[in-house]
1. May I ask for the distance between the Cα centers of segment 234-277 and segment 41-85, given as a whole number of Å?
2. So how do 154-166, 121-133 stack up, highest first, on mean other-Cβ count within 10 Å?
3. Could you tell me which of the pairs Lys83/Lys149; Lys149/Lys228; Lys163/Lys245 are separated by over 19 angstrom between their Cα atoms in the structure shown?
4. Checking the a/c ratio against 1.5 first, then a/b against b/c, what shape does the Cα gyration tensor give for segment 3-300?
5. Hey, got the dipole for segment 3-300? About the Cα centre, +1 on K and R Cβ, -1 on D and E Cβ, debye to the nearest 20?
6. Scan segment 13-65 for trypsin sites (Lys or Arg not before Pro) in coil per DSSP, keeping those whose Cβ has at most 15 other Cβ atoms within 10 Å, and list them by number.
7. How do Thr65, Thr173, Thr167, Thr10 line up, fewest other C-beta atoms within 10 Å first?
8. Around Ser42, with a cut-off of 14 angstrom between Cβ atoms, what is the net charge of the other residues, counting Lys and Arg +1 and Asp and Glu -1?
Amino acid sequence: MEEIHHFGLTVHEQRRSRSFYAGVLGLPWMGEFVNRGERFESMYKLKEAVNRVTWYQIGREGMETFYLSRHPAYTEGVGDIGKPGYRYISFWVDGFEKYIERLGRQGLEIRMGEGAAGPCSRICDPDGMNVLLFDSGRAASPGHISSLKEIGLVVSDAAGYEKFFETIGLWRTERESEFLDSFIGMHTAAPLYGNVRLITLNAGDGVDVSRPISAAAAAAAFNDIGIKHVAYSVPDVDEFYTEAKSAGVNFLFAPMNVPGGSRITYFLDPEGNVFEAMQLNPVMKAIAGAAGAAAQMIKGMFLK
């Protein structure tokens, strides 16, 4: 896997979510489209699924939110760090102090912290998902989110993850992270693989670490609120699929073409969390990056 491309987040209310991510956080909103039909019903494992997708372009990376209007669901404890699953998203922020000041004027509850990477803060989105903001050290006026930093993945048992990450080509870049203590109150090594922070629950937390998770069970939760997958780009998705599958990785579907000319596949980690590998259309990637930069410049003219 080459670099993180985006993550997908299912939300409870599309308009409320857009107001937060585009209006409050100031992410460049690029548009909305609808996924429907037999191909996507098979992909989501939901009958007559209608998925209303909103896309935000953040530098070279992106974020998409999903709203399944015919299959609404709400999961309590979306950001509960004591439960397995994807539990936080984080961004680098240019002009950090000015950006945090602006969020404070909008009445957000902000929790400040400090880590090896410098100042950071935590807020929550309308569904309770943890959003962490880190100081990039770069000046900007006004302050704005410049790129994705990492995704927090909580697991009940770390066994098998080192082999899994090695198989898919995500290398460990950090051994631990002390900022979790101040934000989450959990002391754990929490190594970083690529842009995925692996947080292992402490023994005695009451989690059944032996529970089997099938591909069908993982996909059936697509409409549950929260982060659904993390996507990385690969040079050849069909080659990746063949090699990873032969190494024992559990795929939800074979590579398929999607609007825009890219080709994708979904697969599962040892506890059933979904990852995406995608082969990007280079022309669309360049266009998206340029459009995102332009949208950020325009938005910066109105943010105060």
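Values quoted throughout were computed directly from the atomic coordinates according to the rules given, and no laboratory measurement underlies them. Note that the structure is a prediction, hence the values are computed from the model and not measured. Here the Cβ is made from the backbone with ideal geometry for all residues, glycine too, and neighbour counts use every protein chain on show.
1. Each part's Cα centre sits 18 Å from the other's.
2. 121-133, 154-166
3. Result: Lys83/Lys149 exceed 19 Å.
4. rounded
5. In debye, rounded to 20, segment 3-300 gives about 900.
6. Lys47
7. With the sparsest Cβ surroundings first, the list reads Thr173, Thr167, Thr65, Thr10.
8. The answer is +1.
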